[in-house]
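Down below is the structure, laid out as structure tokens.
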Amino acid sequence: MSTTAELDLVPPSSALAPGSESLRTEVRAFLAGERAAGRLVPRCDVWLSGWDEDFSRELGRRGWLGMTLPGAYGGHDRTALDRYVVTEELLAAGAPVAAHWIADRQIGPSLLRFGTEYQKCRYLPGIAAGECYFGIGMSEPDSGSDLASVRTKATRADGGWRLTGTKVWTSGAHHAHAFFALARSAPAEDRNRHVGLSQFIVELDSPGVTVRPIHLLTGAHHFNEVLLEDVFVPDELVLGEVGAGWHQVTSELAYERSGPERFLSTFPLLAALVGELAGRADDLGTAGLRDLGALVSRVWTLRRLSLGIAASLSSGAAADVPAALVKDLGTRYENEVIDAARLLVDIPPDPGAAPGFARLLADAVLHAPGFTLRGGTNEILRGVVARGLGLR
Ligand SMILES: Cc1cc2nc3c(=O)[nH]c(=O)nc-3n(C[C@H](O)[C@H](O)[C@H](O)COP(=O)(O)OP(=O)(O)OC[C@H]3O[C@@H](n4cnc5c(N)ncnc54)[C@H](O)[C@@H]3O)c2cc1C
């Protein structure tokens, strides 16, 4: 393993500009007002389950969505680190951000990088306004980790393409306006399955699209199966280059994997845990204090890693390897917060409880199985990191 590979694996952490702190104060004041008005009740895992279009539109009005997009497309020409401040405050507060999350996080930047002028004008202003929502059309019933094996087929048609296949685990597809579907547009080559894949913007109200709910054990509905039956996608909605889907999708995954949502899904629970234990150092004992201290200090480390990647992505550098690293470490951390909450406080999880520790613990426990799966499983991410280190 070369020292250079090790040193290059994680970009240096990036300091926030002084202006970012006044932005943080502004966001915190807004969130405090929402809490006081009863419009914000903190929950865990809000970026998957907290769908609230009014809240998203309000963030859009305040200029806190599409922050890094150019003003010409309704964005705000801010830095990735300014966006980071807003997103981490929203997640830490447990605010309902699911409606716009995917569009703001990865669809906007991908459209900016690979989209045509027509596509940018069609979608980016709505994304920045918190009014246009997207899903991710990657996984299929037999293609999750092995994404290159997708079988959704794109066939050339007059003026566009016809897509047939099944996507699965598609978060938010029952509310979203569109998703990027990864499909096979040409046969794979013998030794390279990454060729012949393309990305298509599929508007989910198109004829031939059926969205079927997949319910969690609790009965909650966040993700779906999406059937594509001979769905026509016009040429103007092909994303980027035909055949370059693999390259595009891996660049999208760096945005998907590296952000603060990969270690803050259970932060509202951590905050409630600290609240429950305040003033009880004697009951906790040395081991309990040590565990709690370790959890709090690790969130700072993860944040530094993730901030470095945000800066690196905004400079156009490839960040798929460090993003995989942050997601692996961060999602395991999210689960450890739950373990600590169960061990250190004798309050059982209760989804029907009033807002507070018991309900946050229930949210976290019920959503935990997805943390290390969504966006790529930890085993797969470790493979990406091993390759980045030159071990594979
Ligand atoms: C809450 C949630 C939301 C999601 N939202 C979306 C979404 O919006 N859009 C979307 O496209 N997808 C979404 N997904 C799907 C997610 O990306 C996949 O579940 C994930 O990539 C794993 O694929 P799989 O479920 O097919 O599992 P598999 O790929 O079948 O993996 C099963 C197990 O085998 C292990 N495994 C597989 N291959 C290897 C290997 N080579 N080496 C070692 N271990 C291996 C895996 O780590 C895993 O533990 C979501 C998933 C969840 C849980």
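The values are calculated or read from the model by the stated rules, or taken from the named source; none is laboratory data. Predicted model, so just to flag it, every value in this text is computed and none were measured. Positions of Cβ are backbone-derived with ideal geometry, glycine not excepted, and every protein chain shown enters the neighbour counts.
Looking only at segment 198-221, which residues are of a type in the set (Gly, Ala, Ser) and surrounded by 12 or more Cβ atoms within 10 Å (Cβ to Cβ)?
If we filter segment 198-221 for residues that are of a type in the set (Gly, Ala, Ser), which is where we start, we get 198, 206, 208, 219-220.
Matches in segment 198-221: SER198, SER206, GLY208, ALA220.
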(request) Might you let me know whether segment 24-38 holds any residue that is buried (at least 18 other Cβ atoms within 10 Å of the Cβ), at pLDDT 95 or above and in contact with a His (Cβ under 9 Å, 6 or more places away or on another chain)? (result) no
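If I go through segment 31-56 residue by residue, how many of them are under 20 Å from GLU261 (Cα atoms) and away from the ligand (no atom under 16 Å from the Cβ)? Please lay out each step first, then the result.
Of all residues in segment 31-56, those under 20 Å from GLU261 (Cα atoms) come to 31, 40-53, 55-56.
In the following step, the residues that additionally are away from the ligand (no atom under 16 Å from the Cβ) were identified as 31, 40-42, 52-53, 55-56.
The total comes to 8.
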(request) Test ASP82 against the stated conditions and say whether it is in contact with a helix residue (DSSP H, G or I) (Cβ under 6 Å, 6 or more places away or on another chain) and either surrounded by fewer than 24 Cβ atoms within 10 Å (Cβ to Cβ) or assigned by TED's automatic domain parsing to the domain that holds LEU264 (or both). (result) yes
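Could you pull out the residue among ALA318, ALA386 that is under 20 Å from SER251 (Cα atoms), surrounded by fewer than 18 Cβ atoms within 10 Å (Cβ to Cβ) and modelled with pLDDT under 90?
When all the criteria are applied, what remains is ALA318.
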(request) Please enumerate the residues belonging to segment 94-115 that are away from the ligand (no atom under 15 Å from the Cβ), of a type in the set (Gly, Ala, Ser) and buried (at least 24 other Cβ atoms within 10 Å of the Cβ). (result) GLY94, ALA95, GLY108
(request) Scan segment 201-222 and give yes if some residue there is within 16 Å of the ligand (Cβ to nearest atom), under 21 Å from PHE114 (Cα atoms) and touching a helix residue (DSSP H, G or I) at 6+ places or on another chain (Cβ under 9 Å), otherwise no. (result) yes
(request) Residue by residue through segment 153-181, note down the ones that are part of a strand (DSSP E or B) and either within 11 Å of the ligand (Cβ to nearest atom) or charged (D, E, K, R) (or both). (result) LYS153, ARG156, ARG162, LYS167, VAL168, PHE179, PHE180, ALA181
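If I go through segment 336-372 residue by residue, how many of them are within 16 Å of the ligand (Cβ to nearest atom) and either acidic (Asp, Glu) or surrounded by 15 or more Cβ atoms within 10 Å (Cβ to Cβ) (or both)? Talk me through it step by step, then tell me what you get.
Applying the first criterion (within 16 Å of the ligand (Cβ to nearest atom)) to segment 336-372 yields 338, 363-372.
In the following step, the residues that additionally are either acidic (Asp, Glu) or surrounded by 15 or more Cβ atoms within 10 Å (Cβ to Cβ) (or both) were identified as 338, 363-368, 370-372.
Number satisfying all stated conditions: 10.
Can you find even one residue in segment 133-152 that is more than 16 Å from the ligand (Cβ to nearest atom) and not assigned by TED's automatic domain parsing to the domain that holds GLU53?
Among the residues of segment 133-152, not one is more than 16 Å from the ligand (Cβ to nearest atom) and not assigned by TED's automatic domain parsing to the domain that holds GLU53, which makes the answer no.
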(request) Look at GLY259 and say whether it is outside the structural domain of VAL41 (by TED's automatic domain parsing) and surrounded by fewer than 24 Cβ atoms within 10 Å (Cβ to Cβ). (result) no
(request) Answer yes or no as to whether GLY375 is within 13 Å of the ligand (Cβ to nearest atom), in contact with a Ser or Thr (Cβ under 9 Å, 6 or more places away or on another chain) and small (Gly, Ala, Ser). (result) yes
(message) Regarding segment 227-243, can at least one residue be identified that is touching a residue at least 40 places away in the same chain (Cβ under 8 Å) and within 19 Å of the chain's Cα centre (by Cα)?
(response) no
(message) Looking only at segment 59-84, filter to residues that are modelled with pLDDT of 95 or more and among the hydrophobic types (A, V, I, L, M, F, W, C); which one of those is nearest to PHE134 (Cα to Cα)?
(response) LEU65
(message) Kindly evaluate LEU313 against the criterion of being modelled with pLDDT of 90 or more and touching a Phe, Trp or Tyr at 6+ places or on another chain (Cβ under 7 Å).
(response) no
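May I ask you to verify whether GLU236 is over 22 Å from PRO96 (Cβ atoms) and not in a helix (DSSP H, G or I)? Let's see the steps before the verdict.
Details: over 22 Å from PRO96 (Cβ atoms): yes; not in a helix (DSSP H, G or I): no.
In short, no.
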(message) Which count do you get for residues in segment 324-358 that are touching a residue at least 40 places away in the same chain (Cβ under 8 Å) and among the charged types (D, E, K, R)?
(response) 5
(request) Please enumerate the residues belonging to segment 223-238 that are closer than 18 Å to GLU140 by Cβ and either within 14 Å of the ligand (Cβ to nearest atom) or surrounded by 14 or more Cβ atoms within 10 Å (Cβ to Cβ) (or both). (result) PHE223, ASN224, GLU225, VAL226, LEU227, LEU228, VAL231, VAL233
